[in-house]
Amino acid sequence: MSDAPADLEGVCSVDGGMIDAHLHVVDAAACADDLTGNPNVRWWEQVDSSPAAVSARVRAAGVSGGVLVQAVGAHGYDNSLVVEAARSLGDDWRAMAAVGRSAVGRRSEDPVSLLEGVAAQGASGLRLFSIPDPWLHDDLAVDLLHRCRDLGVGASVCCLPDELSAVVRLAASAPDCEIAVDHCGFTAVGGDDRALVGLAGCGNLVVKLSSWVFEAAAVGLRSVVSRLLDLFGAGRVVWGSDHPQVRDRAYCELVALAVDATCGLDPATRAAVLGRTAARLWFGR
């Protein structure tokens, strides 16, 4: 029996359906402590986070596929699991590897060489991870972004609000390269979200509408979506659940949250937020 929300049929009929742009997979047996100092310590032990389990939940919820984002807290910058998972699960899945200024975890490698290696293995995304030590102001970030452009790898950044001005500078350094900003830069939409206004001025920045964004917002679900669409437009807002790091609700409930939040949008805009933009950025569609 499917767990798909009743309102999903219309979304799934457009451009291959709904795509989750922010999922994680973990080999729990290979992990020790959280490598980022995240308070969600060992979240991967509280729900089965294996590729098989995550993909099964996604399918059961009626979602077509997704982007598997490297779980830095669990695996550092050893991207081997996420790359292999996307490859083995098939064409509806993509891997987003991660790099940082310095290597964390089981592997030590120059970030540019790491990018080139994972791109050769099929990764279609690269996450510039800048928590807890910010580094997006470094020349290294610009070098990585330019190399992503050359390799056809979709870039994203994960940083805290204090570093969003560096993201604006980074975007200006490569205006022909789209960059997704994870979790809307951890900015509370509808509250003091002036930082988002600054991001919106960069035409190559896309904001990721994750479950965290809904929870942290100062306004209701549909107002969150309206605010982001007013700032960025339909082609620059992309949904991702952050499952299974968000583990207090079943995956089908996170999907229902996104479906409800986008209810009432015109079909083309809704399809863009829930799938079409992710397809453009990471699937080459």
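None of the figures in this text is laboratory data; all of them are computed from the coordinates on show. On a predicted model such as this, the values are computed, not experimentally measured, just so you know. Note: ideal-geometry Cβ built from the backbone for every residue, glycine included; neighbour counts use all protein chains shown.
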For this session: Using the number of other C-beta atoms within 10 angstrom as an exposure proxy, rank C31, C158, C184 with the fewest first.
Result: C31, C158, C184
Seminar exercise, completed: H146 and R194 label points (each 7 Å along its Cα→Cβ direction) are spaced in nm at 3.3
For this session: Pop a pseudo-label 7 angstrom from the Cα along the beta-carbon direction at both A28 and D3 and give the gap in nm to one decimal.
Result: 1.5
Seminar exercise, completed: For region 115-215, the percent of all C-alpha pairs falling in each 10 Å bin, from 0 up to the bin holding the max distance, is 16, 50, 29, 5, 0
Problem set entry | Interchain or long-range residues, amide H under 5 Å from A95's placed H | L68, S124, G125
For this session: Quick one: which residues, 5 or more positions from L209 or on another chain, have an amide H under 5 Å from its amide H? H modelled 1.01 Å from N in the peptide plane, none for Pro or chain starts.
Result: V238, W239, G240
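Counting each DSSP H run of 4 or more residues in the chain as -39500 (n - 2.57), what helix-only mean residue ellipticity at 222 nm follows after dividing by all residues, to the nearest 500 deg cm²/dmol? Walk me through the intermediate numbers first.
Values: 12 runs with 102 residues, N = 285.
Calculated at 222 nm, the ellipticity per residue is -10000 deg cm²/dmol.
Translational diffusion coefficient of region 173-285 at 20 °C, 1.002 mPa s, Stokes-Einstein with Kirkwood Rh over Cα pairs, in µm²/s as a whole number. Mind showing how you got there, number by number?
Details: Rh = 14.1 Å.
Translational D for this selection: 152 µm²/s.
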Problem set entry | Signed unit charges on C-beta, dipole axis of the chain, positive-most listed residue L265, L221, W135 | L265
For this session: Go from 0 up to the bin containing the longest alpha carbon distance in the chain, width 10 Å each, and give me the % of pairs per bin.
Result: 7, 32, 39, 20, 2, 0
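Treating the beta-carbon of each Lys and Arg as +1 and of each Asp and Glu as -1, no other charges, what is the dipole magnitude of the chain about its Cα centre, to the nearest 20 debye?
400
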